[in-house]
Amino acid sequence: MNSRFQEIDPSWAWRRYEPGPESPWNKRRAAHLFRRAGFGADAAALNEAISGSPGELIERLVVGVDAPDFTDQMNQMMRTLAAGNNPRNLASGWLYRMRYTPNPLHEKMTLFWHGHFATSGAKVEKAELLLNQNELLRRHAIGDFGQLVLAIARDPAMLLYLDSATNRKSHPNENFARELLELFCLGLGAYTERDIQELARCFTGWEVNQGEFRFNRFQADFGVKSIFGKRGNFTGEDGVRVVLEQPATSRFLVRKLLRFFVADGDFPDPLIEPLAAQFRADGLQLAGVIRTILGSELFYSDRVAGRKVRSPVEFGIGLLRGLDATVNLNMLAEELGALGQSLIFPPNVKGWDGGKSWINSATILGRGNLARRLVTNSETRFGGRKLPEYLAGQGVVEPEAGLNWLLEQFIAIPIPESSHARLLELAQRGDAWADVLHAMAVLPEFQLS
Amino acid sequence: MKTRRGFLTASSSLALLSFAESTPAFLMRAAAASAASNAGRVLVVVQLSGGNDGLNTIVPYRNEIYRRARPSLAIGADQVLKIDGELGFHPAMRGFADQLEQGRLSLIQGVGYANPNRSHFESMDIWHSARTNHSSRSLGWLGRMLDELPPDSGDAPALHFGDETQPLALATLRTPVSSVGSLERFRLDVGGRAALRRAIQESAESDRGSSNDLLSFVQASTINALAASERVDAAVKSYRAAVDYPKSGLAEKLQRIAQLIDAGFNTRIFYVSLDGFDTHATQAAAHAGLLEQLSGAVSAFLNDLHAHQHLDRVLLMAFSEFGRRVAENASQGTDHGAAAPMFVAGSRVRTGLIGHHPRLDDLDDGDPKFHTDFRRVYATILARWFQQPAGEILGQHYEPVDFLNSNIG
Amino acid sequence: MSRLLVCGVPLLGILATLAAALGEERKAADLLPSTTVIYSELATPPRLLELVLDHPIRRRLEALDEYKKAFETPQYAQFQFGLSMVEQQLGMKWREALVGLTEGGVHIAIDGPTLGTVMLAKARHPAVLEKAKETLLRLVREDASRKGESDPIRSGEYRGVQAYRIQESRFAVVGSWLIVTNKDDLGKSILDALLDGAKDPLSADPEFKASRGSTASGDAPLFWAFVRLQKLRDAGIAKEIFRGKTDNPLAELLVGGIMSTLRKAPYASSAVYGSRDRVRWTLDLPYEPGWVPESRHFYLGPTGEGTASLGLATPSSILSLSTYRDLSGLWNSSADLFEADVNATIAQANSQLTTLFAGRDFGLDVLASFRPEMQLVIARQTFESPALTPEIKLPSLAMVFRLKDPEKMLRQWKVTFQSLIGFLNVVGAMNGQPPLELNMETVDGVQFVTAAYVPKESKESVPVPINFNASPSVCFIKDLFIVSSTRQLAQELARSARGIAANGAAATEQANTRLQVDFSMLKQVLEDNRQYLVSQNMIEKGHARKDAEKEIGTLLEILNAGKGFGARLERRDEQLQLSLDLQFEP
């Protein structure tokens, strides 16, 4: 896989994309940006996007728009959903938020961190703590990575998930320290077992008491520790600082962001390094690096389109947002779980592996059946109406133009002519847009972003 | 790397094709079809949750200590289904007795691990992860094996049937495992529209060139998925259980699994659970019902697979997180114990009792002592049944147990 | 036939007129043969129309947006158009026409031997019916000719009566009577009965008469039906119902005894009564204790005389169910009642429940310590302070039992309750839940054992968890044992029990089972949880908050229309009566 990006000149890759006759800023590129930096967009949002410049749009996505009403509504809704203490309800509520949010990039990054700092309701079981963590991730979604790590290190849900309850001075639990190095900051190979043991001592006494973080000084090890060649009476905060100072941190995180935003698979070091340098220069602030990635020549090039497998959440929310549709989100949460992505219930500490692992015969059929359920369910509304009326309102009437409208909206790369012909035959049968959408959702191209 | 190659040869040709840069659609279809008929070996795990009372499952009916320790629960010589002069099945286990007679059931005695943990959760985690060390229990033993398999555009490599939480045994790093309730998940729903089905089928098969290997992978998966859906459709229409399955939740799940196996799914691992073995009080009736459900369902499943000629490539393993104490308690029940028997069934097993029944005059804190580490059973299945690197998966070498026929490779 | 030939045509006309005159006096049951297996009647359709169409609730519903929207369909508009066409032809509004045509009642019956169905409707006056008939015949013919089809109506004469046939339906008009049937023979026999009087009418049948008698008391029903169960059983219809087995413990508990009766009773009758403020449905069955097998004695008692003697009341009650059910009898005769797989589940449940009840055998000790009379109460709970008010406010739930041996059982139950709370605390502690604190208190001489969650000391105000809905409590008053999910409800029920004891025994109760649901209290509980319902609605419908609030508002609005719901199962003499009763806000 890395061969794809092996020969790419980094200075070209991260150069700012400027629309031109060869690569115009059009609906296809705007849709690409919305798919990667969010969960897709409907026609109105795409038209609005191309009436401005890509730079403006990226700025709006990164900075976010003020939406106090929406935020209040979401806070209230999530609090009442958490009150039932069923973490499954949080997943439905979060899907609701993804579906309607005016700040899709923040939501997408919240999802990124949920996979990065994976914490599962299967073990934590307390909806309130899981909701608090979800809000923490959203607060820091495009903020300061260092502060995010510090906050997560004291987050009760995370501490419960990684067994801080057994983190005693006499017998430090190495779980959190190990994951901090291996999964959160540095990656395998950038540390020694000794670093883990010493780091674990820094976090002794970090406990959860009745759902809240507590520093228990009777269990804390105040002795001298030695991590990455530095010595001192390090506290947990010091430990995090020392880890973040490692240059591997910036490279590790940039690599993961590229996998998230640009393409499945790995990237060669020369492509990583300029961004890692920027990340370090920014003091591990995330906004700059994300701006660079989303505004780069590489990001809008053909090398990237269709090089990521859509996650189940991207698949489901993408369909809903693209058609301004409303469905039962409990049902959606359950179906997405069957497709391999139960929000709030990531499979293990590593989160979702993504890429090819989303795909097997059961999940392909499941995606098709889910699409059918979404578009044919009598409860589903599209822009408040039934599907044919909604599409007619969008000017989708004539079969060929309508089909192309849908393809442009939803599919990242061209589909074979013969597939196009088959879909067109369906569209020409009349009153068959639901079938067309269904057939489109089972296309191999549709599974890619 | 040697191990991966080993698996590839044993696996379907489809896995190879997914690496090929470009493959004409008709070839992919053919591959999907051949994968169906040429699927490899299957393991069906039946988890007995709650701690099965091993002593009242394989009963030492002559043993005086047993009878004294269980004034209300002991099963007498006139009731057991005799295995030999010392041991017999619980009378509700007619199905297991039949299978033993047919040469399809291996009873591995005295299975457990050192320093047994008597908490359901802890002990189940140990069985699932095959690790006694608390901090290394994030992955399952089957999950680790699944991670060894190369990405495959075919059927889900493992499926969990049931609505309970997915067992840790299936926790993987790479390949998410689905939990399913019905076969509908494996059928494409086109609302009865033939034209739509045709359009989907033909759209998937269109030639897509070779420039995007991810696209080739998804296309191969889609073609395989549609073929799988047709197989399940056909199976649902034409499959007739060769035997009557008893009416129980477990039997229903096993029958669905038999249908998928018969439909040519190349899923390697099926996982089901039967809960309720935590019989602290009024055990007799409850335990009898559970054992009847277990042995009736398993027996029907084996007979069904045999009649459909799949039994040669299917192995069924049943385990529980621990056994129960030798002495009964004051509520005509039994409390959490340690070592217990495990069951392995299929046409390729060495039938009969494996290992000796644990001594009742030499107990470990009131429990029978184990003599066979459960990971030796796992190792046997991993290495001999699946040809996987058992040592790597289990974290160390475990001596195999001789419960499989010598000719299985 | 020969007589007809002899008498000639003029006489026939006279006969028919005479018959029409006589027919005016007859009732439908006088015209139907005694071989009728199912008979149903709407005695006064105008009353029904008035109740449904002029009810204030209908007006309230009509004011709702959702109601209007439901009728904004093209199909409904088309229907309206067709209706106005017919009204024009008849020269009157549909309702007026319907009242005129059915004032004397509408009756539908199925005859056993011919398996024919017949409808008999009696109009206010022969002229009304005649006009309607002419209009109908004309409309059908016009429609056919417009479509270029031949005349779809065939007609003929039987004993001077003109009869018509459209497809499989035959109909005739005699005086005020309209007769519609799908079988010639059945139609003829009814015409014969109109002309000559029936030889063996349904109205003279002893079962029919007995059945009429059993429901005749009080006000006249809007709807009444009579079914010969024996015949249906013989014909092999609805086998599932007559199999008499439920194979589901909950269904068994609810209807087990009724199933046994249905299996043996020769006939049944059912009635619907209605007035502005209530609708009541009854099912009447003849009953003999001997019909119910011993395994089902738990239901009505060995002699069929088990009564729901408990009637504790609380002002915050949402639901109260008082019944006679011998739970230990049900539990311990499960082997006779259910299939093996259900029994296996029961055996497992027995094992687990025995563990939960500290080793006391659930079937043989726990359930057997109760007498069969018991009561379930669900009530709204109120909370003392914001610090103790959970975000989701659940109603409380209590069971009231009579103990067989109060002296001995009181102590045992106290201990069992305490060890149960201990068990919950151990499990809760493993999951990081706050513990329940046990308390003993005596209020007005009644001893309570209660348990409550202790609020956690926190700087910030955090939502109170859902567990705080529970303050499990038990109390003992003479032989009464009250187990409640909240201390509040336990105390309210204890107060009621003391009141009843002080005022002497309550009126003797005949019912086996009594259920009463109070809608206004139910609405209160939903109102208490409005925020939660709104959030759930957003998730389930994908609604914006505004729309979700509106929809929940509508739901509560609809609940406003109802006042309550009741159900009774009662045994009187040789009758078993089940009745359901829906009460409206007047």
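Bear in mind these aren't lab numbers, they're just calculated from the coordinates by the rules spelled out. Here the structure is a predicted model, which means the values were calculated and not measured. We place every Cβ from the backbone using ideal geometry, glycine too, and count neighbours over all the protein chains shown.
Mean separation of Cα pairs under 8 Å and 6 or more residues apart, divided by the residue count, gives chain C a relative contact order of 12 percent. Projected label points at A:SER51 and C:ASN431, each 7 Å from Cα along the beta carbon direction, are separated by 5.3 nanometres. Placing +1 on each Lys and Arg Cβ and -1 on each Asp and Glu Cβ, with no other charges, gives the protein assembly as shown a dipole about its Cα centre of roughly 400 debye.
Which one, C:THR382, C:LEU555, C:MET521, is farthest towards the positive end of the dipole of chain C when Lys and Arg carry +1 and Asp and Glu -1 on their Cβ? The residue sitting farthest along the positive end of the dipole is C:LEU555.
Think of it as helices only: each DSSP H run of n ≥ 4 in chain B is worth -39500 (n - 2.57), and spread over all residues that comes to -11500 deg cm²/dmol at 222 nm.
For chain C, the normalised intensity computed at q = 0.08, 0.09, 0.10 Å⁻¹ comes to -0.78, -0.92, -1.06 (log10 of I(q)/I(0), Debye sum over alpha carbons, equal scatterers, no solvent). Taken about its Cα centre, chain B carries a charge dipole of about 680 debye when Lys and Arg each add +1 at the Cβ and Asp and Glu each add -1 at the Cβ.
Roughly speaking, what is the centre-to-centre gap between region C:79-135 and region A:73-124 when only Cα atoms are used, to the nearest Å? Each part reduced to its Cα centre gives a spacing of 60 Å. Binning all Cα-Cα separations of region C:428-491 at 10 Å, short to long from zero, yields these whole-percent fractions: 20, 45, 24, 10, 1. Distance from a point 7 Å along Cα→Cβ of C:ASN560 to each backbone N in region C:301-318: keep the residues under 11 Å and list them by number. None, by backbone N distance to the label point. Annotation note: trypsin sites (Lys or Arg not before Pro) in region C:121-180 located in DSSP loop regions with a Cβ neighbour count of at most 15 within 10 Å are C:ARG124, C:LYS147. Per residue, chain C reaches -13500 deg cm²/dmol at 222 nm when only DSSP H runs of four or more residues are counted, each adding -39500 (n - 2.57). Taken as Cα centroids, region C:179-216 and region C:460-498 sit 59 Å apart, rounded to the nearest whole angstrom. Percent relative contact order of region A:1-307, based on C-alpha pairs within less than 8 angstrom and at least six residues apart? Once normalised by length, the contact order is 22 percent.
Rounded to 0.05, the FRET efficiency of the C:ARG165 and C:LYS209 pair, given R0 = 45 Å and the Cβ-Cβ distance, is 0.85.
Each of C:GLN75, A:GLN285, B:VAL344 was scored by the projection of its Cα onto the charge dipole of the protein assembly as shown, and the greatest displacement toward the positive side belongs to A:GLN285; charges sit on the C-beta of Lys, Arg, Asp and Glu. Bridgeable lysines around A:LYS225 (alpha carbons under 16 Å apart, same-chain partners fewer than 8 residues away excluded): A:LYS169. Rounded to the nearest 0.05, what FRET efficiency do B:ASP78 and A:ARG231 give with R0 = 56 Å and r taken as the Cβ-Cβ distance? Could you check? That pair, B:ASP78 with A:ARG231, gives E of 0.15. Taking a straight Cα-Cα cut-off under 23 Å and skipping sequence neighbours fewer than 8 places away in the same chain, the lysines within cross-link reach of C:LYS563 are C:LYS393, C:LYS523, C:LYS550. Modelled this way, with points 7 Å down the Cα-to-C-beta line, the labels at A:ARG139 and C:ALA63 are 4.7 nm from one another. Charging the Cβ of each Asp and Glu at -1 and of each Lys and Arg at +1, and nothing else, the dipole of region A:1-147 about its Cα centre rounds to 460 debye.
Computed extension length for B:ASP312-B:VAL236: 25.1 nm, one decimal, from 0.36 nm per residue of separation with the Cα-Cα distance subtracted. For the pair region C:241-275 and region B:344-384, the centres of their Cα atoms are 54 angstrom apart.
When the Cα atoms of the protein assembly as shown are aligned to their principal axes, the ranges along those axes come out at 124, 90, 70 Å in descending order. Once the C-beta distance of C:GLN412 and C:GLN575 is scaled by a Förster radius of 56 Å, the resulting FRET efficiency is 0.85 to the nearest 0.05.
What's the long-distance tail for region A:312-447, i.e. % of Cα pairs beyond 19 Å? Of all Cα-Cα pairs in region A:312-447, 51 percent lie more than 19 Å apart. Considering the dipole of the protein assembly as shown built from charges on the beta carbon (Lys and Arg +1, Asp and Glu -1) around the Cα centre, which of A:LEU95, C:PRO45, B:VAL218 is farthest to its positive end? The one lying farthest along the dipole's positive direction is B:VAL218.
The distance between label points at C:GLU240 and B:ASP364 comes to 5.3 nm (points 7 Å beyond Cα on the Cα→Cβ vector). In terms of distances greater than 21 angstrom between alpha carbons, the cross-link table entries C:LYS209/C:LYS231; C:LYS245/C:LYS404; C:LYS239/C:LYS264; A:LYS308/A:LYS350; A:LYS356/C:LYS541 yield C:LYS245/C:LYS404; A:LYS356/C:LYS541.
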